[in-house]
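Below is one structure; the comments refer to it alone.
What follows draws every value from the coordinates through simple rules; no lab data is involved. Just so you know, these numbers come straight off a predicted model, no measurement behind them. All Cβ positions, even for glycine, are placed from backbone atoms using ideal geometry, and neighbour counts span all protein chains on display.
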Amino acid sequence: MFMTFKTLPEMLAAFPTEQSAIDHLTAIRWANGKFCPQCGNADGSKIGTLKGTNFHKCYACRKRFSIKVGTIFQDTKLPLRTWYAAIWMITNHPKGIASTTLASDLGITQKSAWFVLHRLRHAARTDSFNAPLSGEVAVDETAIGGLEKNKHASKKKHAGRGSVGKTIVMGLVAKNGEVRAGVIEGVDGRTLHGVIRAHVMPGSTVVTDQHRGYRGLSAAYVHRTVNHGAGEYVDREGFSTNSVESLWALFKRQYHGTHHWMSPKHLDRYVTEVCYRLNRRDLSRGERVNSLLAQIEGPMPYKVLIA
């Protein structure tokens with residue numbers, strides 16, 4: 001059974017040494033048995049630990065490795081205890097945490113804090129093979145970007161509130177509470193229908209506003225619409241898009257209140273972060289930390305992140 005904790009001081013007390021943090025990560029990563037991140041060998045009998053070290057050796061490929069290899073912690077110079085503190089903050093602060101604040105709290109540079117947070121967002125991504133949403137699913141899209149009225153005259157793209165110069169994010173929220181969201185290329189019917197087909201089981205009830213890009217969904221789904229233009233937010237039978245609208249409200253509070261600005265290039269990662277917290281809101285704080293530690297596979301080199 002993995003170690004659990006209810007508060008940040010309690011978590012730090014649970015890992016008084018770097019070795020205790022390494023042992024915890026090892027227990028989580030090898031919960032289903034030892035494997036080699038170098039060659040994929042899953043025969044635990046062929047994986048040993050070099051005496052007096054934290055290095056392991058695979059006797060199938062003859063290579064040495066640490067428990068961090070093949071994860072977001074690969075090549076990191078920061079102690080795992082520092083990473084755990086960062087994981088606590090990003091998984092338990094409802095509106096996220098800015099890299100400048102994390103840098104101050106952990107005593108690291110802002111550049112390092114920015115890299116740490118993006119590696120954690122990489123780990124928080126939703127697996128593409130997750131089961132499709134079903135039942136009743138609210139769907140909506142929103143434009144993310146700075147307010148035109150706050151921009152210098154030479155940088156204004158338009159005078160109104162439209163989506164010109166902004167990034168479009170699409171969200172899907174099932175009635176059972178599961179959330180999916182991500183950046184999309186446009187709001188045309190082909191794009192919107194494609195995302196819905198990829199994430200929602202045919203025959204489900206899909207609730208949208210009356211944007212024309214959603215027309216034609218009734219061929220594969222029970223399509224309900226809410227006329228926001230007429231001031232309608234719940235139709236006569238109780239269908240609404242309020243759940244996905246709440247997602248946008250939370251995300252925009254993080255955008256304006258915590259980060260103030262998000263690069264369009266990395267916007268999808270910030271959206272992933274919000275979805276991760278919402279999809280685990282019923283877990284305890286310590287369980288959210290362990291949940292993220294359980295999906296750290298896949299390194300994220302700095303060169304790849306800034307490419």
Relative contact order for the stretch 71-117, counting Cα pairs under 8 Å that sit 6 or more residues apart, in percent: 32 percent
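Give, as a single signed number, the net charge of other residues whose beta carbon lies under 12 Å from the beta carbon of Ala13, with Lys and Arg counted +1 and Asp and Glu -1. Don't skip to the end; give the middle numbers.
Details: positive: Lys6, Arg81; negative: Glu10.
Residues close to Ala13 contribute a combined charge of +1.
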Percentage of interatomic Cα-Cα distances in the chain larger than 25 Å: 57 percent
Extension gain (nm, one decimal) between Thr101 and Lys46, 0.36 nm per residue minus Cα-Cα: 15.4 nm
J(HN,Hα) series, the stretch 9-25, from Karplus relation 6.51 cos²θ - 1.76 cosθ + 1.60, nearest Hz, glycine and proline x: x, 5, 5, 5, 5, 5, 10, x, 10, 5, 5, 5, 5, 5, 4, 5, 5
Formal net charge of residues neighbouring Val139 (Cβ-Cβ distance under 10 Å; K, R +1; D, E -1): -2
Qualifying GluC sites (Glu not before Pro) in the stretch 163-255, DSSP loop, other Cβ atoms within 10 Å at most 11: Glu185, Glu237
Charge-dipole axis of the chain as Lys and Arg at +1 and Asp and Glu at -1 on Cβ define it, positive-most pick from Ile306, Leu117, Ala230: Ile306
Cross-link pairs beyond the 25 Å C-alpha cut-off, checked among Lys175/Lys265; Lys265/Lys303; Lys63/Lys265; Lys6/Lys265: Lys175/Lys265; Lys63/Lys265; Lys6/Lys265
Candidates Val195, Val179, Val271: whichever shows maximal mean-square fluctuation once the chain is modelled as a Gaussian network with Cα springs under 10 Å: Val195
The stretch 136-262, relative contact order in percent, only Cα pairs under 8 angstrom and at least six apart counted: 25 percent
With at most 14 neighbouring Cβ atoms within 10 Å, loop chymotrypsin sites (Phe, Trp or Tyr not before Pro) (DSSP) excluded, longest segment of the chain: 130-232
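Among DSSP beta bridges lying fully in the chain, give the percent that are antiparallel, nearest 5.
Working: 22 of 31 bridges.
Taking every DSSP beta bridge within the chain, about 70 percent pair in antiparallel fashion.
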Which of Val244, Ser134, Leu8, positive extreme of dipole for the chain (C-beta unit charges): Leu8
Highest-MSF residue in the chain out of Thr17, Thr76, Thr53 [GNM, Cα springs under 10 Å]: Thr53
Relative contact order of the chain, defined on C-alpha pairs under 8 angstrom at six or more residues apart (%): 22 percent
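Mean residue ellipticity at 222 nm from the helices of the chain, using -39,500 (n - 2.57) per DSSP H segment of n ≥ 4 over the full residue count, to the nearest 500 deg cm²/dmol? Could you put the intermediate results ahead of the total?
Details: 10 runs with 105 residues, N = 307.
Here the helix-only value at 222 nm equals -10000 deg cm²/dmol.
Can you give the charge dipole size of the stretch 136-262 about its Cα centre, rounded to the nearest 20 debye, using +1 on the beta carbon of Lys and Arg and -1 on the beta carbon of Asp and Glu?
Numbers: 17 positive and 12 negative charges, 126 e Å.
Computed charge dipole of the stretch 136-262: roughly 600 debye.
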Packing-based exposure ordering (other Cβ within 10 Å, fewest first) of Ser20, Ser243, Ser263: Ser263, Ser20, Ser243
Listed residues Tyr59, Leu172, Ala27: farthest to the positive end of the dipole of the chain (Cβ charges): Tyr59
Trypsin sites (Lys or Arg not before Pro) restricted to DSSP loop in the stretch 72-130 with at most 15 other C-beta within 10 Å: Lys77
Local electrostatic count at Phe73 - Lys and Arg +1, Asp and Glu -1, tallied over other residues with Cβ under 15 Å: +2
For the stretch 136-262: Kirkwood Rh in Å [reciprocal of mean 1/r, alpha carbons]: 15.6 Å
Net dipole in debye of the chain [+1 Lys, Arg Cβ; -1 Asp, Glu Cβ; about Cα centre; nearest 20]: 1060 debye
